[in-house]
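Chemist: Questions regarding the structure given below will be posed in turn.
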Amino acid sequence: MTEQAIVDRLCEEFDFLRDRVYVQRPKRIMTQFLDRKEFKQVVNFIHDVLGFYKASHVVGTDEGPDLGFIYIFSNSDGIILALKQKAPKSDPRIDTLTDMYPSLLLHERELVDLFGAQVQGLPDGPRYPLPDGWPEGNYPMRKDWKPEYFDKKTMTYNPPGTGKEGDEK
Amino acid sequence: MSDKTDTGKNRVVIPIGPQHPSLKEPGCFIITLEGEKVVDAVVGIGYNHRGLEKTCESRTYIQDLYIIERVCGICSHTHSTAYCQGIEELAGIKIPPRAAYIRVIVAELERLHSHLLWLGVAAHEIGFDTMFMYTWRDREKVLDILAEVCGNRVNYGINTIGGVRRDLDDYMLDSIQKTADVLEDQIKYYLDLAQNEPTLEARLSGIGKLSKEDAIKFGAVGPVARAAGIPDDIRVIEPYAAYGEIPVNPVTDTHADVFGRTIVRIKEMLESINIIRFCIKNLPAGEIAVKAPRRIPAGEVISRTEAPRGENIHYIRSNGTDKPDRVRVRAPSEANWHGMNHMLKGQYLADVPITIAAIDPCYSCTDRAIVLASENGTNVTGWQELRQYSIEWYKKRGIDVASVKIPDKKIIMNM
């Protein structure tokens, strides 16, 4: 299947994808951000029907009030489909895809540690990649988290206004 | 610790790491044993997380190039290539053909030294230290060439946004050619050894099994996937740099175990030598770089390269400024960890180190320095002097290294 044929098939299957999925260049298909429900439907379809058997990783992004998750899938022709979903920071719940794609386990754990995503159904296991004792509620890949306010000795985050700023030596 | 399971069998849990026997980098493996057999393994990594992606967001594109180059001490070129070609795509830059060829030459030299390093580590893990010393000796030849071409043994710094930073002159091309000739003989010898030495096959066969189906399921990449019969190679799937003009034959194997991974890596080295020879013969003349803008237009790009360890993916999002909005690096080792639990289960405890080593974990050998000038009075010891010193050192203690006879004359000649 060519890139355009995949896009056409996706649009045919899902009305909500019209004008939201496009061929960026040869071997690259991108989507705009989908919501949790739409995303799940599309993932099931590309996995079961379109043969996107490989999930390389998930890129977490900070989208202001939301968190963005860009999933990189590919098929046997080496075509990459970047499927995106968004969740509000106030309720950053997404579903795990590790049942379909076990290769996403570490990447989903990373979303939990670095972005504060709540990945529903993620199997138990050691955290990744932050160390034990990392202060709760600190998600370093969010744009509002600044490394200069983090005190490595006490492992505390002291932004201006908390009265502890300048503690970092 | 040990406990009794429902089946009445005694289980012992052994935490190995973070400092552990096969990697020179930290990783923690909680191994559950029944007798000598591994029944479960939990992989704990992340000890080396350095926050490079966050750092990239607060620096300019060109500053980030130096950070990205340091993602990995062994395959730094593949990361800088993926990063540079991503930025070039965002900026709409086409690099000169000569630069594309130079990127390929350095990439294949990097693959050679990485695979030679791995072959030595693997040999060491199974107690075959003679092979470890031979392969690491040969690896030095590649590193010397890389130092000559790039100025550094590792972290080559050859890439820049828009091309490469250094040109190759005839003398360098001749050096590369001569080294390739010597290495080819050696690598053929290793292939012969791997295929015909019964103890090597007996030690590695059936260890760390990952079938084709499981390799697909766990997203294995590079030699781990190719040893299971999956011919995925980004140099062929999506040719980058000059790979579109160069014949590349992905090496596959069907053993799907550590033995297969060994064969694949050795054959890949021969393939790399062919590619290097092709590049030298067909190296286009002309410029080596074009000017790149400081500010990169807003957009997003997914850039891929075939690292020595497999598919390397960079995601870069720009926002129109001189700093990226997001840089995400998916190194190949990150993909290969997912199948580790499956590979370890059912193995003997003694096979754990070689199974872990067989996905080719990285470690950086940046300690050694090459000092090219001694005008300031610095005491400089060159390679030959260092070698002579070590021979004298052993002689004083009654060991004459020069008198040791090695049966295979071909190897002595190549030393």
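Chemist: Per residue of B:44-50, what is the mean number of Cβ atoms on other protein chains within 10 angstrom of that residue's Cβ?
Modeler: 4
Chemist: Work out, in µm²/s and without decimals, the Stokes-Einstein translational diffusion coefficient of the protein assembly as shown at 25 °C, 0.890 mPa s, Rh from Kirkwood over C-alpha pairs.
Modeler: 96 µm²/s
Chemist: I need the peptides A:72-84, A:112-124 ranked by packing, meaning the mean over residues of other C-beta atoms within 10 angstrom, with the highest value on top. Each step should come with its number before you reach the end.
Modeler: Numbers: A:72-84: 20.0, A:112-124: 16.8.
The most tightly packed comes first, giving A:72-84, A:112-124.
Chemist: Now, a different point. Shielding of A:52-64 by partners, i.e. mean partner chain Cβ atoms within 10 Å per residue?
Modeler: Details: counts 0, 3, 10, 2, 10, 9, 3, 12, 3, 6, 3, 0, 0.
Across A:52-64, the average partner-chain Cβ count within 10 Å equals 5.
Chemist: How much mean residue ellipticity at 222 nm does chain B get from its helices, if each DSSP H run of length 4 or more adds -39500 (n - 2.57) and you divide by all residues, to the nearest 500 deg cm²/dmol?
Modeler: Using -39500 (n - 2.57) per qualifying helix, the result is -14000 deg cm²/dmol.
Chemist: Work out the mean other chain Cβ neighbour count within 10 Å for the residues of B:94-104 and drop it here as an integer. Intermediate values should be presented prior to the final figure.
Modeler: Working: counts 0, 0, 0, 0, 0, 0, 0, 0, 0, 0, 0.
For peptide B:94-104, the averaged partner shielding equals 0.
Chemist: Right, another one. Exposed loop sites here are GluC sites (Glu not before Pro) in DSSP loop states with at most 15 other C-beta atoms within 10 Å. What is the longest stretch of chain B lacking them? Don't skip to the end; give the middle numbers.
Modeler: Numbers: sites that count: B:Glu36, B:Glu287, B:Glu375.
My reading of the result: B:37-286 is the longest stretch.
Chemist: Distance between Cα centroids, the range B:148-224 to the range A:65-137: provide it in whole Å.
Modeler: With the range B:148-224 and the range A:65-137 each reduced to a Cα centre, they are spaced 33 Å.
Chemist: Which of B:Ile354, B:Ile161 comes first, and how do the rest follow, when ranked by fewest Cβ neighbours within 10 Å?
Modeler: Values: B:Ile354 23, B:Ile161 26.
Going from least to most buried by this count: B:Ile354, B:Ile161.
Chemist: Would you work out the charge dipole size for the range A:3-103 about its Cα centre, treating the Cβ of every Lys and Arg as +1 and the Cβ of every Asp and Glu as -1, and quote it to the nearest 20 debye?
Modeler: Computed charge dipole of the range A:3-103: roughly 240 debye.
Chemist: So, one more: List the DSSP H helices in chain B whose Cα atoms stretch 27 Å or more along the helix axis and whose mean Kyte-Doolittle hydropathy is at least 0.0.
Modeler: B:97-125, B:258-281
Chemist: Let me ask something else. Can you compute the modelled spin-label distance between A:Asp132 and B:Asp170, with each label point 7 Å from Cα toward Cβ, in nm?
Modeler: About 6.4 nm separates the two model spin labels.
Chemist: Mind listing the phi-derived Karplus ³J(HN,Hα) values for the range A:45-53, rounded to whole Hz, using 6.51, -1.76 and 1.60 with θ = phi - 60°, and x for any glycine or proline?
Modeler: 5, 5, 6, 7, 10, 8, x, 7, 8
Chemist: Set the Förster radius R0 to 41 Å, insert the Cβ-Cβ distance between B:Gln195 and A:Asp91 as r into 1/(1 + (r/R0)^6), and round the FRET efficiency to 0.05.
Modeler: Values: r = 58 Å, r/R0 = 1.41.
It comes out at approximately 0.10.
Chemist: I've got another one for you. Set Lys and Arg Cβ to +1 and Asp and Glu Cβ to -1, take the dipole of the protein assembly as shown about its Cα centre, and tell me which of B:Tyr171, B:Ala107, A:Ser76 lies farthest positive.
Modeler: Sorting the options by dipole projection puts first B:Tyr171.
Throughout, read-outs are computed from the coordinates displayed, never taken from laboratory work. All of these numbers come straight from a predicted model, not from anything done at the bench. As a convention, Cβ positions derive from the backbone with ideal geometry for all residues, glycine included, and neighbour counts pool all protein chains shown.
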